[in-house]
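J.: There's a structure below that I have some questions on.
The values are calculated or read from the model by the stated rules, or taken from the named source; none is laboratory data. Quick caveat, the model's predicted, so the values are computed rather than measured. Using ideal geometry, Cβ is built from the backbone for each residue, glycine included, and neighbour counts are taken over all protein chains shown. Heads up: the accessible areas ignore ligands, DNA and RNA and are worked out on the full protein's heavy atoms, side chains in. Shrake-Rupley method; radii C 1.70, N 1.55, O 1.52, S 1.80 Å.
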Amino acid sequence: MQLQKNISLKDYNTFGIDVTAEYFLPVTESNHIPELLTDSSLPQEQHIIGGGSNILLTKNLSGLTLLNQTKGIELLKEDNDYVWLKVASGEVWHELVMYAIEHGWAGIENLALIPGTVGAAPMQNIGAYGVEAKEAIESVTAWHKEQQEFITLNNNDCRFGYRDSIFKHDLKGKVFITHVVFKLNKQPSFHTEYGAIKAELEQMHVDELSIKAIAQAVINIRSSKLPDPKVIGNAGSFFKNPTISTTQYEQLKQEHEQIPSYLVSDDMVKLPAGWLIEQCGFKGCTRGGTGVHEKQALVLVNKNNTTGKEVWNLSEEILQTVQSKFGITLEREVQIW
Ligand code: EPU
């Protein structure tokens, strides 16, 4: 373990923002974590980066930045119907999805190609194409910095919500997630209800539905709409899709007939923030080094050596414009550091 000083974080966040970490330390072994996080000779202000795919860095990070590179996938147990996999939090999410598919284990195939690490999956309950990570997560193990012990949270304890969990609230900044246990199905139940998947499977002329075919459909859709962070820096959806009352929705519909919506309960409706942002004219726009992706208005991109401040300012402009045009307050999905 080599403590490094003044390291650029450009390659460690998918936005590609060039700020520095005062001290920087890659962590490759989970069992080093208790020793590391109780070491009083190390800076006590600490930041943990996994894939860096859901953060916007707006300043240099003082103190210690830990890069989670822990690895390992262990088959804990299995029965006729399920397998339980214990996965190190530093594993790359998409590699886990591909590993599960190779073994014929279903449950996370709709989440193919989501950038980031396994540790971020419970943190923000990653989701796409009709499936959320919470549906496959059995438990999460983390080192609790104040209690100085490992804690294990079962699925309920994690208080999963839409792009949300206890790790963004009560446990924010207090834990280092070390492992996630996934319960995957040996007998798949396919989730193809999300419109774009059905259409893509038809285009692919798939004769027999399989988890592999679904993952390929998802990969095709994502690659066509979402910018590859290796080519154009971004952090996926910058805002959450807002939920409003059916009453507010009916009022909006009078003025905006075409407004798309998904019913989430008897009296609540979810709207695609991408549509709202597009209607405000931001799709494909440029503001200095940043801008909005031309194929998906929910994604802010690094067009040319942008800064966290520039991206933040554009997100403020979008928030205010959507607020005044639709009376809806968008919420950022990306974590601002
Ligand atoms: N739309 C527009 N213009 C746009 C973008 C979207 O009009 O520029 C409208 C279209 O009507 C489209 C609808 O919004 O049919 C939904 O768009 P899309 O299927 O691309 O999904 P999304 O609601 O924009 C969410 C997730 C994505 C996830 C997709 C697919 C959030 C914040 N985002 O986006 O997740 O991949 O659904 O399930 O919930 C992420 O979290 O980083 C992410 C990429």
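J.: Taking the Cα centre as origin and putting +1 on Lys and Arg beta-carbons and -1 on Asp and Glu beta-carbons, what dipole magnitude results for the range 33-100, to the nearest 20 debye?
T.: Values: 4 positive and 9 negative charges, 60 e Å.
Using Cβ point charges on Lys, Arg, Asp and Glu, the range 33-100 gives about 280 debye.
J.: Any number yet on Rg/Rh for the chain, C-alpha, Kirkwood?
T.: On the way: Rg = 20.5 Å, Rh = 21.1 Å.
That ratio is 0.97, to two decimals.
J.: Give the relative contact order (percent, whole number) for the range 146-300; include only Cα pairs under 8 Å separated by 6+ residues.
T.: 15 percent
J.: Report the gain in length on full extension from V206 to I73: 0.36 nm times residue separation, minus Cα-Cα distance, nm rounded to one decimal.
T.: On the way: separation 133, 0.36 × 133 = 47.88 nm, distance 3.04 nm.
Contour length minus the Cα-Cα distance gives 44.8 nm.
J.: List the aspartates and glutamates whose Cα sits under 14 Å from the Cα of K309, skipping any in the same chain fewer than 8 residues away.
T.: Reachable aspartates and glutamates: D18, E317.
J.: To the nearest 20 debye, what charge dipole does the chain have about its Cα centre, counting +1 at the Cβ of each Lys and Arg and -1 at the Cβ of each Asp and Glu? Don't jump to the answer; show the numbers that get you there.
T.: Values: 30 positive and 41 negative charges, 169 e Å.
Here the chain has a charge dipole of around 820 debye.
J.: Have a look at G195, P115, S30 and report the one farthest towards the positive end of the charge dipole of the chain, computed about the Cα centre with Cβ charges (Lys/Arg +1, Asp/Glu -1).
T.: The residue sitting farthest along the positive end of the dipole is P115.
J.: For Y262 and T152, FRET efficiency with R0 = 30 Å and r from the beta-carbon atoms, rounded to 0.05?
T.: Working: r = 34 Å, r/R0 = 1.13.
After rounding to 0.05, the efficiency reads 0.35.
J.: Skip the ligands, DNA and RNA, and give the accessible area per residue of the range 73-185 with a 1.4 Å probe, whole Å².
T.: Details: 4590 Å² over 113 residues.
Heavy-atom accessible area per residue stands at 41 Å².
J.: Per DSSP helix of 4 or more residues, -39500 (n - 2.57); summed, then divided by the residues of the chain. What does that give at 222 nm, rounded to the nearest 500?
T.: On the way: 8 runs with 79 residues, N = 337.
Rounded to the nearest 500, the figure is -7000 deg cm²/dmol.
J.: Quickly rank 37-43, 59-65 as a protection proxy: mean count of other C-beta atoms within 10 Å, highest first. Before the final figure, lay out each step's value.
T.: Details: 37-43: 11.9, 59-65: 16.6.
Highest to lowest by the protection proxy: 59-65, 37-43.
J.: Which percent of the accessible area of the chain is formed by carbon and sulfur heavy atoms (probe 1.4 angstrom)? Please report the intermediate quantities before stating the final value.
T.: Details: 7250 of 16010 Å².
Of the solvent-accessible surface of the chain, carbon and sulfur hold 45 percent.
J.: What order do you get for 125-136, 46-57 when each peptide is scored by the mean count of other beta carbon atoms within 10 Å, highest first?
T.: Values: 125-136: 19.9, 46-57: 22.5.
Those peptides, ordered most packed to least, come out 46-57, 125-136.
J.: With labels modelled as points extended 7 Å from the Cα through the Cβ direction, what inter-label distance (nm, one decimal) is found for D81 paired with R287?
T.: 5.0 nm
J.: What does the charge add up to near Y23, with Lys and Arg as +1, Asp and Glu as -1, over the other residues with Cβ less than 13 Å from its Cβ? Let's see the in-between values first.
T.: Numbers: positive: K5; negative: E22, D39, E45.
The answer is -2.
J.: Same structure again: Please report, in debye to the nearest 20, how large the charge dipole of the range 147-274 is about its Cα centre when each Lys and Arg carries +1 at its beta carbon and each Asp and Glu carries -1 there. Each step should come with its number before you reach the end.
T.: Working: 15 positive and 15 negative charges, 118 e Å.
Dipole of the range 147-274, to the nearest 20 debye: 560 debye.
J.: Amide H of S139: which non-local residues (sequence gap of 5 or more, or other chain) have their own amide H closer than 5 Å, using H built in the peptide plane?
T.: V181
J.: Multiplying the sequence separation of K309 and S324 by 0.36 nm and subtracting their Cα-Cα distance, what value in nm do you get? Please report the intermediate quantities before stating the final value.
T.: Values: separation 15, 0.36 × 15 = 5.40 nm, distance 2.25 nm.
Contour length minus Cα-Cα distance gives 3.1 nm.
J.: Sorted by mean Cβ packing within 10 Å, highest first, what order do the peptides 163-175, 188-200 take?
T.: Working: 163-175: 16.8, 188-200: 14.8.
Output ranking for 163-175, 188-200: 163-175, 188-200.
J.: Explain nothing, just the number: relative contact order of the range 1-63, from Cα pairs under 8 Å at least 6 residues apart, as a whole percent. The partial results should precede the final answer.
T.: On the way: 82 pairs, mean separation 25.4, N = 63.
Relative contact order, the range 1-63: 40 percent.
J.: Given a 1.4 angstrom probe, what's the average accessible area per residue across the range 4-68, in square angstrom?
T.: Numbers: 2770 Å² over 65 residues.
Per residue, the range 4-68 has an accessible area of 43 Å².
J.: Given G50, V206, L263, which one lies farthest toward the positive end of the charge dipole of the chain, if we put +1 on the Cβ of every Lys and Arg and -1 on the Cβ of every Asp and Glu?
T.: Positive-most Cα among the choices belongs to G50.
J.: Counting pairs on different chains as well as pairs 8 or more places apart, how many Lys pairs in the range 73-185 have Cα atoms under 13 Å apart?
T.: Values: K77/K86; K77/K183; K86/K183; K134/K183; K145/K172; K145/K174.
Here the count comes out as 6.
J.: Antiparallel versus total DSSP beta bridges in the chain: what percent is that, nearest 5? Don't skip to the answer; put the middle values down first.
T.: Working: 48 of 60 bridges.
In the chain, approximately 80 percent of DSSP beta bridges are antiparallel ones.
J.: Let me ask something else about it. Using a cut-off of 9 Å between beta-carbons, work out the net charge of the residues near S237 (Lys and Arg +1, Asp and Glu -1, S237 not included). Working shown, then result.
T.: Working: positive: R163, K240; negative: E333.
Result for the local shell: +1.
J.: Around H256, what is the net charge, scoring Lys/Arg as +1 and Asp/Glu as -1 over all other residues with Cβ under 15 Å from its Cβ? Please list the in-between numbers first.
T.: Details: positive: K253, K325; negative: E250, E255, E257, E278.
That works out to -2.
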